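One structure is given here, and the rest of the page talks about it.
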Amino acid sequence: MTRIAFIGLGNMGGGMAANQAKAQRQVMAFDLSKAALEKAEAAGCAPVGSVAESVADAEVVVTMLPAGPHVRQVYAEQVLPNAPKTALLIDCSTIDVESARAVAAQAKAAGFRFADAPVSGGTAAAEAGTLAFMVGCDEADFAAVEAALKPMSRITVRAGDHGAGQAAKICNNMVLGISMIGVCEALALAEKLGLDPVKFHEISSQSSGQCWSLTSYCPWPGPVPAAPSNRNYEGGFATAMMLKDLKLAQEAAAKSGAAAPLGATAEGLYALFDRLGFGGKDFSAILELFRGRVAADQETGT
C-alpha cells in the first residue's frame, strides 16, 4: 500500500486526500484545523499531529497550502528535515513561480525529487477526483508524479521544468478571470436589452462567443445545472481565490516585463467585488456587480 503524507486539508485538499484514501492508499493527513482532520478521518485518512509525523515514512508527500511563504516554510523547516530521501515531493498549492523554483532547488540539493503541480477544476473536481494537474518537474520524474496524482486526476500534463506548472496555472486562471468578466458583462447587457439571458446563452454557446465560462460554468442560473450560479454562488472557486491568482499573474507580469492590461483590469474588478463582501462567493457571482444588484444583495443578506 502506497503511503501518502497529505498536508493541507482545506476546501481543495480535503477532497483530494479523500480520493487518495478511496484508492486504497494509506494517507497520513495533517492540518492545523481539528475539524478538517476529523473530516479527513471520516473519509478514510489517518490524522496525525504534525507535519513531521505525517512525512516520517512517506513514499509520496503532497502539500496543498495557502501561499508561497507557507510552502517555503513547511518544506524548509518540516518536510525536508523529516521525510525519507526516497519520498517524492509534490506541491499542489497555487503559488508564485519564484517560490516554486526556490523550493525545488532546496529539495534537489537535499536529495529529493520534487514537482510543482497546481490544479484546475475547483472543489467539485477535488471531491470527484477529476482535477487537471499542471506539473513542473524533471522529465525523468513525471511518470512517478503522474502515478501519485492519478486518484485525484482527470488529466495530468507536464508543463515543463520546475516552476512551469505554476506558470501554466497563473496564465490559465488569468484567461478564466478575464473571460468570466466578458461573459458576465454580455449577460447583463442582454438582460438590459430585453433579451432573455437563457436564450442568449443558447445562441452564444453555439456561436463565436462560445467559451468555458459560458458553456461549462454559466454565471446565469439555469443553463448549466451543475454551475454554482444555481446554488446562490456557493461552492466552486471563491472570488478571493481568483483574486489571489490574478495578483500572482500581475506580479509575474511585472517581474518578467510582460504586458497584461486585461489581467490588471480583471484583478481590479475582483478586488472591488471582494471588498464589497463577496470574497467567499464563487467568482462567477461577479455577474451581480454588472447587473447592479450588489447593493440589494448586501441589504437583504443574500
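The values are calculated or read from the model by the stated rules, or taken from the named source; none is laboratory data. Note that the coordinates shown come from a computational prediction; the quantities given were computed from them, not determined experimentally. With ideal geometry, Cβ positions are generated from the backbone for all residues, glycine too; neighbour counts draw on all protein chains shown. The accessibility values were calculated without ligands, DNA or RNA, using every heavy atom of the protein model including side chains. Shrake-Rupley method; radii C 1.70, N 1.55, O 1.52, S 1.80 Å.
Exactly one residue out of Leu176, Leu149 is open to solvent by 20 Å² or more (accessible area, probe 1.4 Å), of a type outside the set (Ser, Thr, Tyr) and in contact (Cβ under 8 Å) with a residue 40 or more places away in the chain, and it is Leu176.
Close Cβ contacts (under 6 Å, 6 or more residues apart or on different chains) running from residues in the stretch 236-252 that are within 18 Å of Ala125 (Cα to Cα) to residues that are open to solvent by 40 Å² or more (accessible area, probe 1.4 Å) and assigned to a loop (DSSP other than H, G, I, E, B) comprise Ala238/Gly280. Of everything in the stretch 272-282 that is touching a residue at least 24 places away in the same chain (Cβ under 8 Å) and open to solvent by 40 Å² or more (accessible area, probe 1.4 Å), the residue that is nearest to the chain's Cα centre (by Cα) is Gly280.
Among the numbered conditions (1) over 30 Å from Cys137 (Cα atoms); (2) open to solvent by 20 Å² or more (accessible area, probe 1.4 Å); (3) among the hydrophobic types (A, V, I, L, M, F, W, C); (4) assigned to a helix (DSSP H, G or I), the only one that Ala167 does not meet is (1).
Would you be able to say whether some residue in the stretch 49-69 is within 30 Å of Ala249 (Cβ to Cβ), under 18 Å from the mean Cα position of the chain (by Cα) and open to solvent by 40 Å² or more (accessible area, probe 1.4 Å)? So far as the stretch 49-69 goes, yes, one or more of its residues are within 30 Å of Ala249 (Cβ to Cβ), under 18 Å from the mean Cα position of the chain (by Cα) and open to solvent by 40 Å² or more (accessible area, probe 1.4 Å). Counting the residues of the stretch 190-201 that are surrounded by 12 or more Cβ atoms within 10 Å (Cβ to Cβ), part of a helix (DSSP H, G or I) and either of a type in the set (D, E, K, R) or free of Cβ contacts under 8 Å to residues at least 24 places away in the same chain (or both) gives 5. Residues of the stretch 20-39 that are crowded, with 24+ Cβ neighbours inside 10 Å and either modelled with pLDDT under 95 or closer than 19 Å to Thr130 by Cβ (or both): Gln20, Val27.
Scanning the stretch 231-271 for residues that are out of contact with any Asp or Glu (no Cβ under 7 Å at 6 or more places or on another chain), within 19 Å of Asp282 (Cα to Cα) and surrounded by 15 or more Cβ atoms within 10 Å (Cβ to Cβ) returns Met241, Met242, Lys244, Asp245, Gly263, Ala266, Glu267, Leu269, Tyr270, Ala271. Among the residues of the stretch 198-234, the one identified as within 30 Å of Glu98 (Cα to Cα) and of a type outside the set (Phe, Trp, Tyr) is Ser213. Inspection of the stretch 145-155 finds no residue satisfying the criterion of being within 26 Å of Ala264 (Cβ to Cβ), modelled with pLDDT of 95 or more and either part of a helix (DSSP H, G or I) or over 21 Å from the mean Cα position of the chain (by Cα) (or both).
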